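Following: one structure in structure tokens, then a few remarks.
The values are calculated or read from the model by the stated rules, or taken from the named source; none is laboratory data. Remember, predicted model here, so these are calculated numbers, not experimental data. Using ideal geometry, Cβ is built from the backbone for each residue, glycine included, and neighbour counts are taken over all protein chains shown.
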Amino acid sequence: MKLYEYEAKQIFEKFGLAVPKQIATIENVSELEDLPLNFPIMIKAMVLIGGRGKAGGIKKANNIEEAKKIVNEMFGLTIHGYPIKKLLLEEAVDVANEIYLSITTDPATFDLVIVTSASGGVDIEEVAKNKPENIWKKTLRDNPKFLSSDISNEAADFLVEKNPDLNVVKEKLSNAMISLFSAYQQSEAKICEINPLIVTTDNQLIAADAKFVLDDNSLYRQAPLLKSVGIDPKSKRHDVSEQTKYEAQAYGIGFPFLDLLENPESFQKDHDKLYVGLVPGGAGYGIFSIDEVVNIGNRYFDGKVVPINFMDSGGGPSLSDVADMFHLLMDHPATDLIITSRFGGISSCDIFIQGLIMSLRDRYISKRRMIPVFGRMVGTDLAAARAFLEKAKRESPDPLKDLHIVVGNQKIMADVIKDGIEYGFKNKKHLEKGEN
Ligand code: GDP
Ligand code: MN
């Protein structure tokens, strides 16, 4: 769950970080009338995306006329696809220096990573690219509850070394890091970022921006914290905007789906690689399939095979649910091959194969993109499923020419995956030649 800046700042404040004085959040220009405005004020677009400053979503107003003009303009603005519906008004602070400070968890190792830089206010990615020596980074392997002052002092020393003007706020910098760390750990966050952490002209340290992402899996434990800043812990409002197009689509239909690729909507394929979509039977099988596709890709195919999604049918999907699961992956721009499996459990192989075949026939008729499907099915209603598959193959050989389902246990799943990948690479070459 991503928090809005004003919510994040309220939480930061509870942990001892200083933030600008919040005047109000408004959803309409008329609300300006009744507010006690102590100019200059900052007017900030409350959208759950960064880079607002560059897109015109952060402005300073020196009097009420300016404020009205800015507020009116901003309510008509869209930032990276997010319409502005709410503005935060804050008392502006006088900036002497801007610091970057963040705490995240490395998604691969689950280590905590603290990053800071005296070159704040700009994208940290830019600093990392152009002036990596200006970035201080520390990886913590033991997931400590609190940050030791040895580490925060080391970071503060680094910042002062890069900018001697910061010497007067050295202790405050060290304390701010300890506070942010506590906020991160106690709220079970995934990301806490302050950019910029402003050093004011009178040497105060103020968190002028706040990014805060909570772990959805621990939200139930964080209900008191969420409520304390006015968020309904059961609300979905934050999650929706974080979803990819395909995740949102699956959520709408009613099954769990995760994109493993970054930016799947504008994804650039590497043409040497094979991208594999997965329709597994159950969540555990879904995780296994991802690992196994990578494993087989590394062993036999030079590491050129990429699983693109996690999916779970959620126990006993209907015929149209199954069809929708396949449609979603065949519409996905990355997919070269689909690997699927049914392994007993609650769900019926018969419904599964009917849904799969329905999706292939529909796509064939409406000339939508067809993708080879390899898989295995074992379990409930197997005899009916086999009969349906054999009949369908006889009746409509063309729509089903790239459907390869092993019925029963005569092949292990690893071999099914390997066969599928081999076929996928051949098919891809064939298609690319055909297109040229
Ligand atoms: P972002 O672009 O979405 O990251 O939005 P920020 O909240 O970081 O605002 C962008 C920039 O506006 C900051 O880097 C600051 O330089 C500036 N800014 C934000 N708050 C204040 C303030 O209170 N006073 C002044 N003078 N500048 C501010
Ligand atoms: Mn910022």
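Data overview
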{"quantity": "Long-range neighbours under 6 Å by Cβ, at least six apart or interchain, first residue in contact (Cβ under 8 Å) with a residue 12 or more places away in the chain within the stretch 128-153, second surrounded by 10 or more Cβ atoms within 10 Å (Cβ to Cβ) and part of a loop (DSSP other than H, G, I, E, B)", "calculated": "Asn134/Ser119; Thr139/Asp111; Arg141/Asp111"}
{"quantity": "Leu77 vs. criteria surrounded by fewer than 20 Cβ atoms within 10 Å (Cβ to Cβ) and either more than 16 Å from ligand 2 (Cβ to nearest atom) or not assigned by TED's automatic domain parsing to the domain that holds Ala156 (or both)", "calculated": "yes"}
{"quantity": "Residues of the stretch 1-43 that turn out to be under 15 Å from Lys85 (Cβ atoms) and part of a loop (DSSP other than H, G, I, E, B), as a count", "calculated": "3"}
{"quantity": "Filter result for the condition that a residue is under 15 Å from the mean Cα position of the chain (by Cα) and either more than 25 Å from Met46 (Cα to Cα) or not polar (S, T, N, Q) (or both), over Pro264, Pro224", "calculated": "Pro264"}
{"quantity": "Residue within the stretch 80-92 that is over 30 Å from Glu31 (Cβ atoms), within 15 Å of ligand 2 (Cβ to nearest atom) and out of contact with any Pro (no Cβ under 9 Å at 6 or more places or on another chain) present", "calculated": "no"}
{"quantity": "Any hit, the stretch 386-393, residues being closer than 20 Å to Leu329 by Cα and surrounded by 15 or more Cβ atoms within 10 Å (Cβ to Cβ)", "calculated": "no"}
{"quantity": "Single condition Glu126 does not satisfy, out of (1) within 16 Å of ligand 2 (Cβ to nearest atom); (2) over 29 Å from Leu226 (Cα atoms); (3) crowded, with 17+ Cβ neighbours inside 10 Å; (4) not aliphatic (A, V, I, L, M)", "calculated": "(3)"}
{"quantity": "The lone exception for Glu13 - which of (1) within 25 Å of Ser179 (Cα to Cα); (2) touching a strand residue (DSSP E or B) at 6+ places or on another chain (Cβ under 8 Å); (3) surrounded by fewer than 18 Cβ atoms within 10 Å (Cβ to Cβ) it fails", "calculated": "(2)"}
{"quantity": "Any chance Ala96 is of a type in the set (Gly, Ala, Ser), over 18 Å from Gly50 (Cα atoms) and buried (at least 17 other Cβ atoms within 10 Å of the Cβ)", "calculated": "no"}
{"quantity": "Residues of the stretch 172-192 satisfying the condition of being of a type outside the set (S, T, N, Q) and either under 14 Å from Gly16 (Cα atoms) or in contact with an Asp or Glu (Cβ under 8 Å, 6 or more places away or on another chain) (or both)", "calculated": "Lys172, Leu173, Ala176, Met177, Ile178, Leu180, Phe181, Ala183, Tyr184, Glu188, Ala189, Lys190"}
{"quantity": "Matching residues, the stretch 28-64, being away from ligand 1 (no atom under 12 Å from the Cβ) and surrounded by 19 or more Cβ atoms within 10 Å (Cβ to Cβ)", "calculated": "Leu32"}
{"quantity": "Every pair of residues 6+ apart whose Cβ atoms lie under 7 Å, when the first sits in the stretch 65-94 and is within 13 Å of ligand 1 (Cβ to nearest atom) while the second is aromatic (Phe, Trp, Tyr) and not in a loop (DSSP other than H, G, I, E, B)", "calculated": "Ile84/Phe75; Leu88/Tyr6"}
{"quantity": "Contacts under 6 angstrom Cβ, first residue in the stretch 35-60 being within 14 Å of ligand 2 (Cβ to nearest atom), partner aromatic (Phe, Trp, Tyr), 6 or more apart", "calculated": "Met46/Tyr4; Val47/Tyr82; Ile49/Tyr82"}
{"quantity": "Odd one out for Gly252, checked against (1) assigned by TED's automatic domain parsing to the domain that holds Ser313; (2) modelled with pLDDT of 90 or more", "calculated": "(2)"}
{"quantity": "Qualifying positions in the stretch 408-423 - buried (at least 17 other Cβ atoms within 10 Å of the Cβ) and farther than 21 Å from Met370 by Cβ", "calculated": "Met413, Lys418"}
{"quantity": "Tally of residues being outside any loop (DSSP other than H, G, I, E, B) and under 30 Å from the mean Cα position of the chain (by Cα) across the stretch 123-173", "calculated": "20"}
{"quantity": "Residue, modelled with the highest pLDDT, within the stretch 229-248, restricted to residues that are in a loop (DSSP other than H, G, I, E, B) and either closer than 30 Å to Thr335 by Cβ or in contact with a Cys (Cβ under 6 Å, 6 or more places away or on another chain) (or both)", "calculated": "Thr244"}
{"quantity": "Some residue of the stretch 87-103 being assigned by TED's automatic domain parsing to the domain that holds Val29 and under 23 Å from the mean Cα position of the chain (by Cα)", "calculated": "no"}
{"quantity": "Strands (runs of 3 or more DSSP E) lying entirely in the stretch 317-436 (those with 3 or more residues that are on the phi < 0 side of the Ramachandran plot, modelled with pLDDT under 95 and touching a strand residue (DSSP E or B) at 6+ places or on another chain (Cβ under 9 Å))", "calculated": "337-343"}
{"quantity": "Single condition Ala96 does not satisfy, out of (1) small (Gly, Ala, Ser); (2) within 30 Å of Asn38 (Cα to Cα); (3) within 16 Å of ligand 2 (Cβ to nearest atom)", "calculated": "(3)"}
{"quantity": "From the options Ile49, Ile23, Ile41, Ile124, residue that is over 21 Å from Met1 (Cβ atoms), of a type in the set (A, V, I, L, M, F, W, C) and at pLDDT below 95", "calculated": "Ile124"}
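Yes/no per residue for (1) closer than 30 Å to Lys86 by Cα; (2) among the basic types (Lys, Arg):
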| position | (1), (2) |
| --- | --- |
| Leu226 | yes, no |
| Val229 | yes, no |
| Lys234 | yes, yes |
| Ala248 | yes, no |
| Asp259 | yes, no |
| Ser266 | yes, no |
| Leu274 | no, no |
| Gly281 | no, no |
| Ile308 | no, no |
